[in-house]
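Every number in this text was worked out from the coordinates using simple rules, so none of it is lab data. Everything numeric in this text was worked out from a predicted model, so none of it was measured. Note that each Cβ is placed from the backbone with ideal geometry, even for glycine, and that neighbours are counted across all protein chains shown.
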Amino acid sequence: MTIGELVNKSGARMRVFDMGRRLEEVTEPVFAAFEQLAAPWPSPYLKHAWVGILSWNPTEPGQHNIWFLKLPLDEQNILQPGPRDAFVAHCLRVAAAPEQKHGDAPCSYRPDQGRMAFFHAQALMALGQPATQFYATARAYLSGDIGWDNWQQLGLQGLAEVVARLGDEHNSQLLANAMPFLPAVPRNALLNFLENVRPDQGLTSAINDALSAVVANGASVADLSAFARALSNSVNDGQRSLLLQALLAHPLASEVELLAAIGSRCWRDLDGVVLKAYLERLSGNLQGEGAFNALVADLLTLPGMRIRVMNLLASGGLSDQLNQAVARLFSLVRTGQGNLQ
């Protein structure tokens, strides 16, 4: 029995969300094909499918279940069914004997605060429920009504709900207007949430302008990583490519935090000169060979990335530093001390 069949058998409905590289909904047909081992997980992260599943029964208003699961994948990003089957068996045992203690469900995990807040924001919308009281407070702050320095009273939940409801109440324009005035802490929290949506051109331009101002005043690696994540799914492909080239030319581009953000969130734009710049920076990262090997291996699990990377490596014109890093990685693979999956 699959998770989808388990939910359907109970008479419930469900929504599935990818919780890995960004939080986005996965359609039921895609999830069903994945569970039936007929298709790979579309966006693997660290050799797993990280999913959030919201289920509810239309005949029981106000009642719903939430599961956060980390499902292991094989080398082709196909589900390894054993752990999933163990999770389904656990659920059946709980349903048969709800009064007993059954321990934690197999494959379960707890997302970080930001992921949890955005999932909750998406769940409210899926269930047709109103926003929390934090939403109004966040909108008041982003309007400038309570002072830009008075952000300590804000919660992540309110900011997450504004971003999740970007198309409501002119929220996209609200964020664009607020961007030049935001202190680093609330700004970076918003930028991290924006990776989960598709900022329009107006908001994208405001984010780009804010990035230019931050860089001029001395950006931190956390700042640059947040901007990379925010623009990773924006509407303008050409603008994203130029942004990545600028970030990879920045003095902080050898920091692993920034390189990991680019590799895990902006991978669709890593091609040609941008991919070369990324791998060159990665080969000289400040944490050394282990970080290079881990980030390259993760990149190669993504659809289409293996051929892009291999074509680039075969094209020549790479630095000695990058050639040596690649040679060491392949040496580890040949001796069985590492892998590229």
So if each residue of separation counts as 0.36 nm, and I subtract the Cα-Cα distance between residue 109 and residue 307, what length gain in nm does that give? 68.0 nm
I need the chymotrypsin sites (Phe, Trp or Tyr not before Pro) found in the range 266-338, filtered to DSSP loop residues with at most 14 other beta carbons within 10 Å of theirs. none
Using a simple charge model, +1 on the beta-carbon of Lys and Arg, -1 on the beta-carbon of Asp and Glu, nothing else, what dipole does the chain show about its Cα centre, in debye to the nearest 20? 480 debye
Can you list the HN-Hα couplings for the range 15-20, worked out from phi with the Karplus curve (6.51, -1.76, 1.60; θ = phi - 60°), rounded to whole Hz and with x for Gly and Pro? 10, 10, 10, 6, 10, x
How big is D for the chain, in µm² s⁻¹ as a whole number, if Stokes-Einstein is applied with the Kirkwood radius of its Cα pairs at 37 °C and 0.692 mPa s? 151 µm²/s
Among the lysines, which fall within straight-line cross-link reach of residue 70, defined as a Cα-Cα distance under 16 Å, with same-chain neighbours fewer than 8 residues apart omitted? 47
Arranged by the count of other C-beta atoms within 10 angstrom, fewest first, what order do 248, 300 take? 300, 248
Once exposed loop GluC sites (Glu not before Pro) are cut out (DSSP; at most 16 other Cβ, 10 Å), longest piece of the chain: 170-341
May I ask you to sort 162, 235 by Cβ crowding, counting other Cβ atoms within 10 Å and putting the fewest first? 235, 162
With the dipole of the range 113-334 worked out from charges on the C-beta (+1 for Lys and Arg, -1 for Asp and Glu) around the Cα centre, which of 192, 275, 152 lies farthest toward the positive end? 275
Taking 242, 190 and counting other C-beta atoms within 10 Å, the order from fewest to most: 242, 190
How far apart, in nanometres, would the label points at residue 273 and residue 100 be if each is projected 7 angstrom from Cα along the Cα-to-Cβ direction? 6.5 nm
Cα centroids of the range 166-244 and the range 108-143: how far apart, whole angstrom? 19 Å
Who wins for biggest fluctuation among 331, 55, 241 in a Gaussian network model of the chain, springs between alpha carbons below 10 Å? 331
Extended-chain gain in nm, criterion 0.36 nm per residue less alpha-carbon gap, residue 320 and residue 63: 86.6 nm
Dipole of the chain [Lys/Arg +1, Asp/Glu -1 at C-beta], most positive-end residue of 37, 309, 66: 37
